[in-house]
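Colleague: Below: one structure in structure tokens.
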Amino acid sequence: MARSTFVYVTYIRTTPQKLWSALTTDSQFMQQYWFGVHCESQWKPGSPWKMVQRDGNISDSGEILEADPPRRLVIRWQHQLMPALKAEGESRCTLELEPSGPAVKLSITHTIEREPSVLIEKVSGGWPKIMSNLKSLLETGSIVLDDAYPAGRKD
Amino acid sequence: MPDQPDTDALFKALADPSRRRLLDLLHEHDGRTLNDLCEHLDMTRQGVTQHLNQLEAANLIATMWRGREKLHFLNPVPLQEIYERWIAKFEKPRLKALSDLKKKLEKSHG
């Protein structure tokens, strides 16, 4: 079966509870590290899930497949705005939080049952920036990037 | 694997051509097995395993089991952090001018 996957891992000096709320319920906090984006959901298995852009457009939506706070979250994820990406169908995003010494290991695995996948290519450019901002915001109280595509790379 | 991979481990992991080659191979195609990676390097299996362990300790690769196969994935998050810490904060236009100059000079001397 053809499949595209990426796995991203970062270590953040915080608690699993704080990281969990930063990734789910605390939408104001999320907007700070996610370039104005936030997600809306009840964060329970079966709840609808959507990602809301700065301008209010819903770019991605789906459903919470698994939620085991503050350890594991699985989202059925489909892009909605760009037709080519929407046509690729559903992907699955798994977030795992694991205590590791004074830090929490955050692993994000995003998979779609096709190869190649434009969706996976697009999200793989974004996740490292988001994770890096999240780490910095939780550890130091400020973000490092306030623009996902600085220096004229906007498109 | 250490609790929190530090910056020294990260730069040490990058300071080796075979390990950088492994990262390039994973960038070309992610989720490879040890056998697959060994085919592309003129090195013993043990050698490749050691390099992979060092990359994993520096958090530059992540691994995942699929059945009995261990798959290796490039984890670009630490590279993004190096980029932000050591590159983005310096002035980009000057860096670009310098890099253009270097290219031009090397061309005329090559």
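Computed from the coordinates by the stated procedures, all read-outs in this text should not be read as laboratory data. Please read all numbers here as calculations on a predicted model, not as lab measurements. Positions of Cβ are generated from backbone atoms using ideal geometry, with glycine treated the same way; all protein chains shown enter the neighbour counts.
Colleague: Once amide H atoms are built 1.01 Å from N in the peptide plane, which residues 5 or more positions from A:D60, or in another chain, come under 5 Å H to H?
Modeller: Distant-sequence amide H within range of A:D60: A:M51, A:Q80.
Colleague: Another question, if that's okay. Pull up all non-local amide H partners of A:S100: gap of 5 or more, or a different chain, and H-to-H distance under 5 Å with H placed in the peptide plane.
Modeller: Excluding prolines and chain starts, which carry no amide H, the hits are A:K105.
Colleague: Over the range B:34-85, what relative contact order in percent results from Cα pairs under 8 Å that are six or more residues apart? Walk me through the numbers before you get to the answer.
Modeller: Working: 40 pairs, mean separation 13.1, N = 52.
Result for the range B:34-85 is 25 percent.
Colleague: What does the charge count near A:D68 come to, summing +1 for each Lys or Arg and -1 for each Asp or Glu among other residues with Cβ under 14 Å from its Cβ? Let's see the in-between values first.
Modeller: Details: positive: A:K44, A:R71, A:R72; negative: A:E66, A:E96, A:E98.
Taking every other residue near A:D68 into account, the sum is 0.
Colleague: A follow-up question, please. With contacts defined as alpha carbon pairs under 8 Å and 6 or more residues apart, what's the relative contact order of chain A in percent? List each step's numbers first, then the result.
Modeller: On the way: 309 pairs, mean separation 41.9, N = 155.
Across chain A, relative contact order equals 27 percent.
Colleague: In degrees from 0 to 90, rounded to the nearest 10, what is the angle of the helix B:17-28 Cα long axis to the longest principal axis of chain B?
Modeller: The angle comes out at about 80 degrees.
Colleague: Once you treat every alpha carbon in the range B:1-109 as an equal point and sum by Debye, what is log10 I(q)/I(0) at q = 0.14, 0.18, 0.19 Å⁻¹?
Modeller: Calculated log10 I(q)/I(0) at the listed q: -0.67, -0.93, -0.98.
Colleague: Another one. Would you please report the Å³ per residue occupied by the convex hull of the alpha carbon atoms in the protein assembly as shown? Let's see the in-between values first.
Modeller: Numbers: hull volume 43.7 nm³, N = 265.
Convex hull volume per residue, Cα atoms: 165 Å³.
Colleague: Sticking with this structure for a sec: Give the dimensionless ratio obtained when the Cα radius of gyration of the range A:15-136 is divided by 2.2 N^0.38 Å.
Modeller: Working: Rg = 13.9 Å, N = 122, 2.2 N^0.38 = 13.7 Å.
Rounded to two decimals, the normalised Rg is 1.02.
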